[in-house]
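**Student:** Below is one structure. I have some questions about it.
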């Protein structure tokens, strides 16, 4: 099975801006973009998801097998799978099937959008 893709709206973030707000959202946003941003923020607004994201980000190639994530965070496989699905649906992680196991990897552009909004 190949990597599954999630459709997401590209957020209007800038790396540099006026002195009052040197980065982040670079222009007013419409309702659809606001909803997309809210979904992105909501996806990471959970301690377990942040822990999982940090774990995956710290691994070689920014990817990890679900079996390793489950062990690392000390949660049941069902709970971990639920949280990983939320991160995939938000476009923060991508998933691919390798034999019996599912591997998750960071989507750098989406993580970059999240970082730019928060800076």
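The values are calculated or read from the model by the stated rules, or taken from the named source; none is laboratory data. Since this is a predicted model, take the numbers as computed values, not measurements. Every residue, glycine among them, receives a Cβ derived from its backbone with ideal geometry; neighbour counts consider all protein chains shown.
**Student:** Quick check on residue 53: is it buried (at least 16 other Cβ atoms within 10 Å of the Cβ), modelled with pLDDT under 90 and either farther than 14 Å from residue 111 by Cβ or under 17 Å from the mean Cα position of the chain (by Cα) (or both)?
**Tutor:** no
**Student:** Right, something else. What do you reckon, is residue 78 surrounded by fewer than 15 Cβ atoms within 10 Å (Cβ to Cβ), at negative phi and either part of a loop (DSSP other than H, G, I, E, B) or at pLDDT 90 or above (or both)?
**Tutor:** Taking the combined requirement at face value, the residue satisfies it.
**Student:** Shifting gears a bit: Test residue 38 against the criterion of being part of a helix (DSSP H, G or I), within 19 Å of residue 113 (Cα to Cα), under 13 Å from the mean Cα position of the chain (by Cα) and at pLDDT 80 or above, and give yes or no.
**Tutor:** Here the answer is yes, as residue 38 does meet what is asked.
**Student:** Return only the number of the condition from (1) at pLDDT 95 or above; (2) farther than 22 Å from residue 116 by Cα; (3) in a helix (DSSP H, G or I) that residue 86 does not satisfy.
**Tutor:** (2)
**Student:** Can you find even one residue in segment 4-27 that is over 23 Å from residue 97 (Cβ atoms) and at pLDDT 90 or above?
**Tutor:** no
**Student:** Inside segment 89-119, can you point out the residues that are in contact with a strand residue (DSSP E or B) (Cβ under 6 Å, 6 or more places away or on another chain), surrounded by 13 or more Cβ atoms within 10 Å (Cβ to Cβ) and either in contact (Cβ under 8 Å) with a residue 24 or more places away in the chain or part of a helix (DSSP H, G or I) (or both)?
**Tutor:** Once the filter is applied, which keeps residues that are in contact with a strand residue (DSSP E or B) (Cβ under 6 Å, 6 or more places away or on another chain), surrounded by 13 or more Cβ atoms within 10 Å (Cβ to Cβ) and either in contact (Cβ under 8 Å) with a residue 24 or more places away in the chain or part of a helix (DSSP H, G or I) (or both), segment 89-119 yields 93, 94, 95, 96, 102, 103, 104, 105, 113, 116, 117.
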